[in-house]
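**Student:** Input: one structure, supplied below.
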Amino acid sequence: MSVVTVQLGQCGNQVGRELFDVMCSDAQDAGRKTHSTAGWERFFRHTTQGDLEARAVLIDMEPKVINHSMSRAAKSGRWRYGETSHFSQKQGSGNNWASGYCVHGPRHRDAVEELVRREVEHCDMLAGFIPMMSVAGGTGSGVGTFVTQCLRDIYPSAFVLNHLTWPYGTGEVIVQNYNSVLTLAHLYQLSDAILVHENDTVHRICSQLLKIKQISFSDINRVIAHQLGGVLQPALTPDSCGAYSRNPLGELVGALACHPEYKLLSVSTIPQMASSSIAFSTFSWPALLKHLRQMLISNTKMEEGIDWQVRPPPASAGRTRTLTAGSFNTSLANLLILRGKDVYSAETGGFGDSAIYTSWLPPDEAFSLWKSPVPFNKYEKSATLVSNSQALLRPLDDMVRKAWNMFASRAYIHQYVKFGISEEDFLDSFTSLEQVISSYTQLQC
Amino acid sequence: MSILGTNFNSYDLAEPTVCVAGAMTQSVVVQVGQCGNQVGCRFWDLALREHAHVNKRGLYDEALSSFFRNVDSRKSNSGACCVGGRIQRLKARAVLIDMEEGVVNGILQGPLREVFDSAQLLTDVSGSGNNWAVAHLTYGSAYRESIVNTLRKTAEHCDCLQCFFLIHSMGGGTGSGLGTRVLSLLEEEFPDVCRIVTAMYPSAEDDVITSPYNSVLAMRELTEHADCVLPVENQSLVDIVNKISLMSHGAKPGCVLKKDCTVTSGHGSLSPTEKPFDAMNNIVANLLLNMTSSARFEGSLNMDLNEIAMNLVPFPRLHYLVPSLTPLYTLADVNIPTRRLDQMFSDAFSKDHQLIRADPKHSLYLACALMVRGNVQVSDLRRNIERLRPSLPFVSWNQEGWKTGLCSVPPVGHSHSLLALANNTCVKPTFMELRERFTKLYRKKAHLHHYLHVDGMEQSIFSEALSSLDALIDEYHQLDATKARLTPDAPRLSIAR
Ligand SMILES: Nc1nc2c(ncn2[C@@H]2O[C@H](COP(=O)(O)OP(=O)(O)OP(=O)(O)O)[C@@H](O)[C@H]2O)c(=O)[nH]1
Ligand SMILES: Nc1nc2c(ncn2[C@@H]2O[C@H](COP(=O)(O)OP(=O)(O)O)[C@@H](O)[C@H]2O)c(=O)[nH]1
Ligand SMILES: [Mg+2]
Ligand SMILES: [Mg+2]
């Protein structure tokens, strides 16, 4: 089955290109026919000339980024975007969610739907969509929300997994928290699951693990692409009977117990290091998995600076809030994906431990494991964890708090009203996100 | 012309047969009065040089199309050529308005003559006599029709007009009076096109006696009709120019001011042959160039022109954005170590790099944009924001009020540059000083009759302008007052469980 990626706005188009690059080189370098075939089927198609084209639609309200991404892809010599799979306009949405959602989205609906339809027609079987975008700007967030809604309407049985980039907490678009709140509140009604990368976290990985001195958006995007690739490339699932899973999005959504109140997924990957160091490092599954488990329960996104003091709350305490509960990250469900050498010998029992989960789900439902013997992206062994847990509670709460403080003074609201988003609409969005925050907070009870 | 001659040759090659409309947006510069036209000219000169530097192939590209048309006089249909073809003849997307002829005639005899058509010019012979009322009311009514027609014609040449840049002084007559009249015409005619005004404020020793009247009368128009105003004070420009010439003359051997540095114009650095205002005006021209660079060129984090007001204007009237430019010069070394890059960020917040005399660090930020050009990455931005944040007071509801843009094309002669636009209460003292100077004249009714003679001018226009300024100052005052208070988080919405 195939996945159609929809890249929206500057961020979506830059991250998306990096993702296809990783997936293409993984499929080509792996040298294992079934793996390559499965990977290509998911994300690429062969043109009649035998070239690889990404199953992607590129959308932006300004031309520069799409032009850049298209020509960068073509220059790779390995894959490219479809010649006519893109749609751009002259003038961006100006960092205004309302302009994207209320004006640009509806205005260009037909053109965008047509591009998507053509891409879907190329798929023998459609697994679903991955709309990729940032939540801080106007096009990715606003048009992205609108397009997600259209996909929902037209393809009701397809899975929709949104990939979102969250902005630096210390600010890069001044109305980023408004745009984020509006996007998240709407997507919560529309998508099956929302996979999040925070720029702050990825930035730290670049500087502390990859030791990059001057970090560019390309560096950041490569890390995001690596982590996403670790999730999305073919793997053997418990139900796939020794063949690569055919429905990557459906199985992902199923594994993570996505539920109307719990849709926020975070990702962590181990190991991650400067490529020059990889050759000099050896990895053992027990060590990797021990670290990854502690990263999960202490909510650290990096191998460095893990807090080893954090322990699951004792089961006997009736799982009420204990002193450690504050720093302990309770999970609803986790999906662990192992790739590389000796995967079949890896011991993953620590992730099935009921102590790390909320008490509502039996641990065998809460934990899923996928494996692939094919090493991923230069790492002899690597583990990626997708987690539906409290990991994003803190940044979500910060976003809502900051947006709410701004809303209390009504600053910038006139810019949204101008395009048809009222104070009422804001209040509705705040209400639904407070609900999400409350739900995730209660996981630990 | 000289600038085009060397870099942008005209070729006799045939045009490509398919004519694609430009993919980008366009902007139009409207320059009014002596100051507006002199500053505008510096802008066009530097813009041409910047594009000549970046555009090596002599093709009319997207970036050029944002401020220039490409016309072929041999063609019948008004000669417009499309993006992607050879550069034939570049025409500035500009409207030049002055009620006396001197400056515009000077331009028409200078090196820039070829970038303007007579259809883009609107002049009279008698001037406004440094009288806002004459320009705003008398000329404003007499020329209304032809101004609107000229604007429309210029707009018709754009397939996606995004922004008007209006340039004028506040102290004189034509710029302040007719310039602000043009502003409200723009609002009427093109309500969806962004209006960004660059306004030159008079210094205390300004030679125009009536400049306080003109400025306060113009301020009301700017407050009510502009999307953003970039105030620039002549005194600050003078100070900066002096600092730079100290740099270039008093510098240690080996440290020389680069020839094509931002503040010098075509004929070498600060030579006596330059007009007195040229060095000052080049600074303002650079402000416009850097503000529009991200809309013209590629970058890893684009900042379109419509993002300026969206991010920096929390309340419609509070749209005065204090600009600062760094570095104002580059020393001769090529490899600039990181320390100096960080210095660029520090300087953007220091008092002596602001284009008005103000101290943003000791006032209150409502919002701040950092528009970076050149080899600067997101980690440089983050590091500097983290470093500087603790020393900069931001309003309680916008503690992380940063907007950032990264454009990969540096300005000519530099490896990187930074334009900071601050929505900051530090504009208040400038406005209060202006009000004081106004009141001093107004109390004595000095020169008032010159204004009241003008048809349509009434004393109420003075008092309304004054109360508009009072209200504006008061709004900044109220914000300043929140600085001392510790503002707790707003109590969160509680939801039913
Ligand atoms: N990780 C990552 N983040 C990016 C990238 N480009 C932009 N962003 C983030 O995206 C947010 C800004 O949104 P953009 O994607 O630029 O905006 P847009 O969707 O194009 O919308 P408008 O430009 O407002 O029409 C900020 O949080 C940026 O940090 C990128 O390449 N990688
Ligand atoms: N920065 C700058 N200020 C100028 C220039 N020309 C005039 N001014 C200032 O503008 C004011 C006079 O307005 P001016 O533009 O001459 O009047 P107008 O032609 O009637 O609009 C005074 O404050 C001058 O100092 C110039 O070229 N650059
Ligand atoms: Mg954009
Ligand atoms: Mg004058």
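The values are calculated or read from the model by the stated rules, or taken from the named source; none is laboratory data. Note that the coordinates shown come from a computational prediction; the quantities given were computed from them, not determined experimentally. Using ideal geometry, Cβ is built from the backbone for each residue, glycine included, and neighbour counts are taken over all protein chains shown. Keep in mind that these areas ignore ligands, DNA and RNA; they rest on the heavy atoms of the full protein, side chains included. Shrake-Rupley method; radii C 1.70, N 1.55, O 1.52, S 1.80 Å.
**Student:** Name the one entry in A:Ser359, A:Ser387 that is at pLDDT 95 or above, farther than 16 Å from A:Leu182 by Cβ and among the polar types (S, T, N, Q).
**Tutor:** When all the criteria are applied, what remains is A:Ser387.
**Student:** I would also like to ask the following. Please go through region A:161-195 and pick out each residue that is hydrophobic (A, V, I, L, M, F, W, C) and in contact with a Phe, Trp or Tyr (Cβ under 6 Å, 6 or more places away or on another chain). I'd like the intermediate steps shown before the answer.
**Tutor:** First, the residues of region A:161-195 that are hydrophobic (A, V, I, L, M, F, W, C): A:161, A:164, A:166, A:173-175, A:181-182, A:184-185, A:187, A:190, A:193-195.
Once the filter is applied, which keeps residues that are hydrophobic (A, V, I, L, M, F, W, C) and in contact with a Phe, Trp or Tyr (Cβ under 6 Å, 6 or more places away or on another chain), region A:161-195 yields A:Val175, A:Leu182.
**Student:** Another question, if that's okay. Inside region A:118-144, can you point out the residues that are within 15 Å of ligand 3 (Cβ to nearest atom), away from chain B (no Cβ under 14 Å) and either open to solvent by 10 Å² or more (accessible area, probe 1.4 Å) or free of Cβ contacts under 8 Å to residues at least 60 places away in the same chain (or both)?
**Tutor:** To start, the set of residues in region A:118-144 that are within 15 Å of ligand 3 (Cβ to nearest atom) comprises A:132-144.
Filter once more, keeping what is away from chain B (no Cβ under 14 Å): A:132-133, A:135, A:143-144.
If the condition is that a residue be within 15 Å of ligand 3 (Cβ to nearest atom), away from chain B (no Cβ under 14 Å) and either open to solvent by 10 Å² or more (accessible area, probe 1.4 Å) or free of Cβ contacts under 8 Å to residues at least 60 places away in the same chain (or both), then A:Val135 is the only one that fits.
**Student:** Tell me whether region B:416-431 contains one or more residues that are farther than 30 Å from B:Val54 by Cα and within 14 Å of chain A (Cβ to nearest Cβ). Show your work before the answer.
**Tutor:** If we filter region B:416-431 for residues that are farther than 30 Å from B:Val54 by Cα, which is where we start, we get B:423-431.
Next cut, within 14 Å of chain A (Cβ to nearest Cβ) only: B:423-424.
Checking region B:416-431: at least one residue is farther than 30 Å from B:Val54 by Cα and within 14 Å of chain A (Cβ to nearest Cβ).
**Student:** Where in region A:1-106 are there strands (runs of 3 or more DSSP E), lying wholly inside it, with at least 3 residues that are at pLDDT 95 or above and under 30 Å from B:Ser408 (Cα atoms)?
**Tutor:** Details: elements: A:2-8, A:44-46, A:52-54, A:56-60, A:86-88.
In region A:1-106, A:2-8, A:56-60, A:86-88 are the strands (runs of 3 or more DSSP E) which contain 3 or more residues that are at pLDDT 95 or above and under 30 Å from B:Ser408 (Cα atoms).
**Student:** While we're on this one: Looking only at region A:107-129, how many residues end up being outside any loop (DSSP other than H, G, I, E, B) and either away from ligand 1 (no atom under 16 Å from the Cβ) or not assigned by TED's automatic domain parsing to the domain that holds A:Ile154 (or both)? Let's see the steps before the verdict.
**Tutor:** Here is the first cut: in region A:107-129, the ones outside any loop (DSSP other than H, G, I, E, B) are A:107, A:109-121, A:126-129.
Checking the rest, the ones that are also either away from ligand 1 (no atom under 16 Å from the Cβ) or not assigned by TED's automatic domain parsing to the domain that holds A:Ile154 (or both) come to A:109-111, A:113-121, A:126-129.
Residues flagged as outside any loop (DSSP other than H, G, I, E, B) and either away from ligand 1 (no atom under 16 Å from the Cβ) or not assigned by TED's automatic domain parsing to the domain that holds A:Ile154 (or both) within region A:107-129 amount to 16.
A quick yes/no check of all residues on (1) at negative phi; (2) within 7 Å of chain B (Cβ to nearest Cβ); (3) more than 23 Å from the chain's Cα centre (by Cα); (4) open to solvent by 10 Å² or more (accessible area, probe 1.4 Å):
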{"position": "A:Leu396", "(1), (2), (3), (4)": "yes, no, no, no"}
{"position": "A:Asn405", "(1), (2), (3), (4)": "yes, yes, yes, yes"}
{"position": "A:Val417", "(1), (2), (3), (4)": "yes, no, yes, yes"}
{"position": "A:Phe430", "(1), (2), (3), (4)": "yes, yes, no, no"}
{"position": "A:Leu433", "(1), (2), (3), (4)": "yes, no, no, no"}
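**Student:** Here are some conditions: (1) within 14 Å of another protein chain (Cβ to nearest Cβ); (2) within 16 Å of ligand 3 (Cβ to nearest atom). A:Ser71 meets all but one. Which one does it not meet?
**Tutor:** Unmet condition: (2).
**Student:** Something else about it: Name the residue that is surrounded by the most Cβ atoms within 10 Å (Cβ to Cβ), counting only residues in region B:192-216 that are of a type in the set (A, V, I, L, M) and within 13 Å of ligand 2 (Cβ to nearest atom). Even if it seems obvious, please write down each step before you answer.
**Tutor:** Pass one, region B:192-216, residues of a type in the set (A, V, I, L, M): B:193, B:196-197, B:199-200, B:204, B:208-209, B:216.
Narrowing the set further to residues that are within 13 Å of ligand 2 (Cβ to nearest atom) leaves B:199-200, B:204, B:208-209.
On the way: B:Ala199: 27, B:Met200: 30, B:Ala204: 13, B:Val208: 18, B:Ile209: 12.
Selected residue: B:Met200.
**Student:** Pull up region A:148-187, narrow it to residues that are more than 14 Å from every other protein chain (Cβ to nearest Cβ) and β-branched (Val, Ile, Thr), then point me to the one that is most open to solvent (accessible area, probe 1.4 Å).
**Tutor:** Of everything passing the filter in region A:148-187, A:Ile154 is most open to solvent (accessible area, probe 1.4 Å).
**Student:** Return the residue satisfying two criteria in turn: it lies in region B:303-319 and is within 13 Å of ligand 3 (Cβ to nearest atom) and assigned to a loop (DSSP other than H, G, I, E, B), and of such residues it is nearest to the other protein chains (Cβ to nearest Cβ).
**Tutor:** B:Asp304
**Student:** Does B:Arg93 meet the test of being in contact (Cβ under 8 Å) with a residue 60 or more places away in the chain and not aromatic (Phe, Trp, Tyr)? So that I can check it myself, show each step before the final result.
**Tutor:** Numbers: in contact (Cβ under 8 Å) with a residue 60 or more places away in the chain: yes; not aromatic (Phe, Trp, Tyr): yes.
Spelling it out, B:Arg93 is indeed in contact (Cβ under 8 Å) with a residue 60 or more places away in the chain and not aromatic (Phe, Trp, Tyr).
**Student:** Continuing with the same structure: For A:Ala56, indicate whether it is away from ligand 2 (no atom under 16 Å from the Cβ), in contact with a Lys or Arg (Cβ under 6 Å, 6 or more places away or on another chain) and open to solvent by less than 40 Å² (accessible area, probe 1.4 Å).
**Tutor:** The answer is no for A:Ala56.
**Student:** Which residues, counting only those in region B:117-147, are open to solvent by less than 10 Å² (accessible area, probe 1.4 Å) and hydrophobic (A, V, I, L, M, F, W, C)?
**Tutor:** B:Trp132, B:Ala133, B:Ala135, B:Ile147
**Student:** What residue, among those in region A:200-226 that are of a type in the set (Lys, Arg) and closer than 18 Å to A:Thr384 by Cβ, is surrounded by the fewest Cβ atoms within 10 Å (Cβ to Cβ)?
**Tutor:** A:Arg204
**Student:** In addition: Looking at this structure, is A:Val386 within 11 Å of chain B (Cβ to nearest Cβ) and crowded, with 20+ Cβ neighbours inside 10 Å?
**Tutor:** Values: within 11 Å of chain B (Cβ to nearest Cβ): no; crowded, with 20+ Cβ neighbours inside 10 Å: yes.
Taking the combined requirement at face value, the residue does not satisfy it.
**Student:** Moving to a separate point now. Restricting attention to region B:390-412, report how many residues are more than 7 Å from chain A (Cβ to nearest Cβ) and without any contact (Cβ under 8 Å) to a residue 60 or more places away in the chain.
**Tutor:** Counting residues in region B:390-412 that are more than 7 Å from chain A (Cβ to nearest Cβ) and without any contact (Cβ under 8 Å) to a residue 60 or more places away in the chain gives 6.
**Student:** Also, I was wondering about something else. Would region B:159-168 turn up any residue that is more than 22 Å from the chain's Cα centre (by Cα), within 14 Å of chain A (Cβ to nearest Cβ) and not polar (S, T, N, Q)?
**Tutor:** Yes; the residues of region B:159-168 include at least one that is more than 22 Å from the chain's Cα centre (by Cα), within 14 Å of chain A (Cβ to nearest Cβ) and not polar (S, T, N, Q).
**Student:** Could you please let me know if B:Ser118 is more than 16 Å from ligand 2 (Cβ to nearest atom) and modelled with pLDDT under 95?
**Tutor:** Values: more than 16 Å from ligand 2 (Cβ to nearest atom): yes; modelled with pLDDT under 95: yes.
The answer is yes for B:Ser118.
**Student:** Let me ask you something else. Going through B:Leu355, B:Leu289, B:Leu341 one at a time, which residue ends up being touching a residue at least 24 places away in the same chain (Cβ under 8 Å), more than 14 Å from chain A (Cβ to nearest Cβ) and farther than 27 Å from B:Ser468 by Cα?
**Tutor:** Values: B:Leu355 fails: farther than 27 Å from B:Ser468 by Cα; B:Leu341 fails: more than 14 Å from chain A (Cβ to nearest Cβ).
Within the list B:Leu355, B:Leu289, B:Leu341, the selection yields B:Leu289.
**Student:** Quick one: which helices (runs of 4 or more DSSP H) lie wholly within region B:377-475 and hold at least 2 residues that are surrounded by 16 or more Cβ atoms within 10 Å (Cβ to Cβ) and within 26 Å of the chain's Cα centre (by Cα)?
**Tutor:** On the way: elements: B:378-388, B:427-443, B:448-452.
Output list reads B:378-388, B:427-443.
**Student:** Now for a different question. Would you check if B:Val83 is within 23 Å of the chain's Cα centre (by Cα) and either under 27 Å from A:Gln91 (Cβ atoms) or surrounded by fewer than 21 Cβ atoms within 10 Å (Cβ to Cβ) (or both)?
**Tutor:** Values: within 23 Å of the chain's Cα centre (by Cα): no; either under 27 Å from A:Gln91 (Cβ atoms) or surrounded by fewer than 21 Cβ atoms within 10 Å (Cβ to Cβ) (or both): yes.
No: the conditions fail for B:Val83.
**Student:** Anything in region B:148-171 that is within 16 Å of ligand 2 (Cβ to nearest atom) and either more than 25 Å from B:Tyr201 (Cα to Cα) or open to solvent by 10 Å² or more (accessible area, probe 1.4 Å) (or both)? List them, or say none. I'd like the intermediate steps shown before the answer.
**Tutor:** Here is the first cut: in region B:148-171, the residues within 16 Å of ligand 2 (Cβ to nearest atom) are B:165-171.
Listed by number, the list holds a single entry, B:Ser169.
**Student:** Give the residues of region A:76-106 that are under 23 Å from B:Met24 (Cβ atoms), away from ligand 1 (no atom under 15 Å from the Cβ) and buried (at least 20 other Cβ atoms within 10 Å of the Cβ), sorted by residue number.
**Tutor:** Result: A:Tyr81, A:Ser85.
**Student:** Being in a strand (DSSP E or B) and surrounded by 21 or more Cβ atoms within 10 Å (Cβ to Cβ) is the filter here, so list the residues in region A:368-380 that pass it. Talk me through it step by step, then tell me what you get.
**Tutor:** Of region A:368-380, the ones in a strand (DSSP E or B) are A:368-372, A:376, A:379.
Matches in region A:368-380: A:Ser368, A:Trp370, A:Ser372, A:Phe376, A:Tyr379.
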